[in-house]
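Heads up: the structure comes next, in structure tokens.
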Amino acid sequence: MPSSKRRNTRRAAVGSVLFSAGLFCGTLVAVPKLHRALSSEQTPVEMTCAELVQYGIGESSVVRLTDATIAEPSEEMEFAMLEPDPNQSAPLPVGTGMRAWMSGDKVAMAKSTIAKTLKHPRSKKLIDQMVRGEVIPRDFIGAPMPQPLKLSPGRDIASLALEEVKSTGTLTAFVAEDPTSKWIAKSADYLGLELPEPFVKAAEMNQYSLHPVSQTETKSNAGLWVGGSALAMTLGWLLCSSAGWGLWIVFCPIAAIVGLFGLPLRSGRGNRVTWTLAFFAGVISLVAAYGLAFQLGGLGQAQSMWTLQAAGFVAACGGTALLLGIRGSVKTKRSIALSPGSLDDLIVPEKGRSKRAKPSKKQMGSKKNKGMEVDADQYATTGVQQDKLQETLNKNASYSRKYLDPRLSVPANAQPSPEAMEHNVLWQKADFEEPLLVEIGRGEAACYATIQVGCQNLVLGMTDELDGKVRLRLISILEDGHCLISVDDSYQDLQVAGANEHATLAVHESVTAPKLLAKHLEKAADLAEQRNAGLVTLDTNEWRDVVLLTERLIKSVLHDEGHQKWDIYDMAYGRFAYPIQPVRMFQDASPV
């Protein structure tokens with residue numbers, strides 16, 4: 001079996017066990033404990049057993065039965081329902097094995113096997129936790145039959161309740177409705193099964209479960225039970241939902257059924273719409289959990305219903321698992337976006353290209369003016385300090401300035417800041433090259449930046465520092481010339497995302513270098529699909545062309561979005577140009 005299939009099987013098996021354990025302990029143990037702990041301050045109401053059966057729970061769920069006594073479960077358990085009927089069953093054959101099973105009465109053999117197993121000494125501890133004592137009036141005289149008042153499960157609970165009755169003459173206990181017998185009777189009737197007549201008659205009456213107040217758990221202990229059960233159920237839900245499909249669904253049907261709820265988020269198939277819907281569904285589940293448990297279920301109140309409280313517990317675990325599943329889906333999708341296979345799908349084929357976009361009239365005009373292109377270095381000494389003009393631009397929105405390329409140089413003896421190096425190292429772990437330190441100047445202002453290419457040469461990473469704060473930028477170019485620029489929120493003039501026909505500017509708040517890279521690749525995959533174009537493989541020596549192109553494109557986006565005013569002229573940078581045009585591949589470029 002492949003390692004991925006084994007991993008899915010283990011994950012599903014562990015998730016199924018955790019989910020089942022959390023569901024069982026949470027609904028049957030933790031929720032009743034919490035209800036009793038929250039109801040511990042209620043004032044007991046005195047009544048007789050008959051009054052409790054007749055009138056039910058009143059203003060308080062804590063009652064003091066004045067005429068109660070305890071009928072403890074017998075030490076020798078009766079298994080009459082499991083014993084084979086000698087008048088209706090054929091005698092069992094001698095010996096064991098398949099031949100005995102096939103030739104004997106299968107039902108009788110199964111009953112006999114279960115009865116022997118339950119009578120085994122090792123089963124005594126389990127049975128002691130399951131049996132329930134009965135609360136009856138002291139002067140009760142009648143046929144032996146299941147009583148409507150039962151204690152909480154456990155032989156020790158029955159012994160302690162009997163001691164309380166002997167010492168005080170009364171029994172003070174929490175009372176809750178117990179619809180278990182009615183459910184069993186309805187299920188048997190639906191399935192066509194016959195139950196003993198005393199059990200059916202008892203199921204027709206309102207039945208109650210009593211738990212001695214002296215055995216009430218503290219709120220902290222009840223909280224630990226609820227928290228542990230919720231953690232197990234939520235974690236099991238997540239594991240079941242994240243396991244991929246396989247043969248394990250035959251062996252772990254519970255995990256397969258539970259895992260259906262996480263199908264929309266599994267294997268990174270979610271997107272922003274799915275995550276948003278899942279978020280609202282998770283919040284609605286948490287709100288519904290509160291309404292079910294406290295408003296309708298009466299958790300901690302006199303009038304309560306255990307089924308609704310348990311449903312609220314399940315809804316709370318489901319909502320929490322859904323919210324956590326969104327986080328897992330986002331991380332899975334990012335890891336898929338960073339995988340080599342996904343990057344291979346974005347690369348333009350080496351031989352030939354996909355269908356090029358038809359150049360616009362503006363692009364055709366740029367080709368005619370190709371002879372008028374000017375080298376960017378001539379603006380090295382005439383660049384303007386753009387930041388000082390912002391106040392003027394705000395006062396006069398109609399004012400436009402001519403965009404000039406910054407000057408780029410490689411300093412001889414300069415070192416990047418430690419803060420920038422931290423981001424560079426993180427990108428290097430994602431297969432980026434070692435950073436190149438460059439100087440970017442505009443007029444008298446200058447700053448240092450690091451340049452590095454990575455992700456199979458599909459992304460150029462750039463960091464620069466302004467006022468002691470490192471700014472992150474990632475750049476990718478599609479084969480039709482469209483450029484994707486992703487930045488963090490450290491740029492003062494790039495706080496809102498924007499786009500035009502030339503470039504898409506994506507702004508991500510509070511991101512680290514790896515997270516910015518993952519978001520950039522996700523956006524690149526979406527753009528490549530929308531524009532039916534792959535990503536261009538960048539050469540390390542093209543960093544100057546890419547940086548200059550990016551600076552010009554950013555200004556064009558800000559201009560078109562109405563944030564700044566610029567006069568931007570056509571310019572070509574090696575294989576790239578503004579306005580955009582299909583990028584020449586290396587094999588298509590003419591030799592120099």
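The values are calculated or read from the model by the stated rules, or taken from the named source; none is laboratory data. Treat the numbers as computed from the prediction; the structure is a model and nothing was measured. Here the Cβ positions follow ideal geometry from the backbone for every residue, glycine too, while neighbour counts run over all protein chains shown. These area figures cover heavy atoms from the full protein model, side chains too; ligands, DNA and RNA do not enter into them. Shrake-Rupley method; radii C 1.70, N 1.55, O 1.52, S 1.80 Å.
A few comments on the model shown:
- Pairing each residue of the range 456-485 that is without any contact (Cβ under 8 Å) to a residue 24 or more places away in the chain and over 20 Å from Pro579 (Cα atoms) with any residue that is aromatic (Phe, Trp, Tyr) and in a loop (DSSP other than H, G, I, E, B), provided the two are 6+ apart or on different chains, yields C-beta distances under 6 Å for Arg471/Tyr491.
- Note on the range 34-78: residues that are closer than 14 Å to Leu210 by Cβ, of a type in the set (A, V, I, L, M), in contact (Cβ under 8 Å) with a residue 60 or more places away in the chain and not in a loop (DSSP other than H, G, I, E, B) amount to 8.
- Selected residue (criterion: modelled with the lowest pLDDT) from residues of the range 236-262 that are open to solvent by 80 Å² or more (accessible area, probe 1.4 Å), assigned to a helix (DSSP H, G or I) and out of contact with any Ser or Thr (no Cβ under 7 Å at 6 or more places or on another chain): Phe251
- Near pairs, Cβ below 9 angstrom, 6+ apart or cross-chain, from the range 514-529 (more than 15 Å from Ala503 (Cβ to Cβ)) to any residue that is of a type in the set (Lys, Arg) and open to solvent by 50 Å² or more (accessible area, probe 1.4 Å): Pro514/Lys429; Ala518/Lys331; Ala518/Lys333; Glu522/Lys333
- The condition of being farther than 30 Å from Cys317 by Cβ, open to solvent by less than 40 Å² (accessible area, probe 1.4 Å) and at pLDDT below 80 holds for Ser112.
- Contacts under 9 angstrom Cβ, first residue in the range 404-423 being free of Cβ contacts under 8 Å to residues at least 40 places away in the same chain, partner open to solvent by 30 Å² or more (accessible area, probe 1.4 Å) and charged (D, E, K, R), 6 or more apart: Leu404/Arg442; Arg407/Asp377; Arg407/Glu439; Arg407/Arg442; Ser409/Glu439; Val410/Glu439; Pro411/Glu439; Ala414/Glu439
- Meets criteria (over 33 Å from the mean Cα position of the chain (by Cα), surrounded by 20 or more Cβ atoms within 10 Å (Cβ to Cβ) and charged (D, E, K, R)) for Arg584: no
- When the range 410-446 is filtered for residues that are open to solvent by less than 60 Å² (accessible area, probe 1.4 Å), among the aliphatic types (A, V, I, L, M) and part of a loop (DSSP other than H, G, I, E, B), the ones remaining, listed by number, are Ala414, Ala430.
- Residue count for the range 537-573, restricted to those that are more than 21 Å from Pro435 (Cβ to Cβ) and in a loop (DSSP other than H, G, I, E, B): 8
- Hits in the range 471-499 - residues which are over 32 Å from the mean Cα position of the chain (by Cα) and open to solvent by less than 30 Å² (accessible area, probe 1.4 Å): Ile477, Leu478, Glu479, Asp480, Gly481, His482, Cys483
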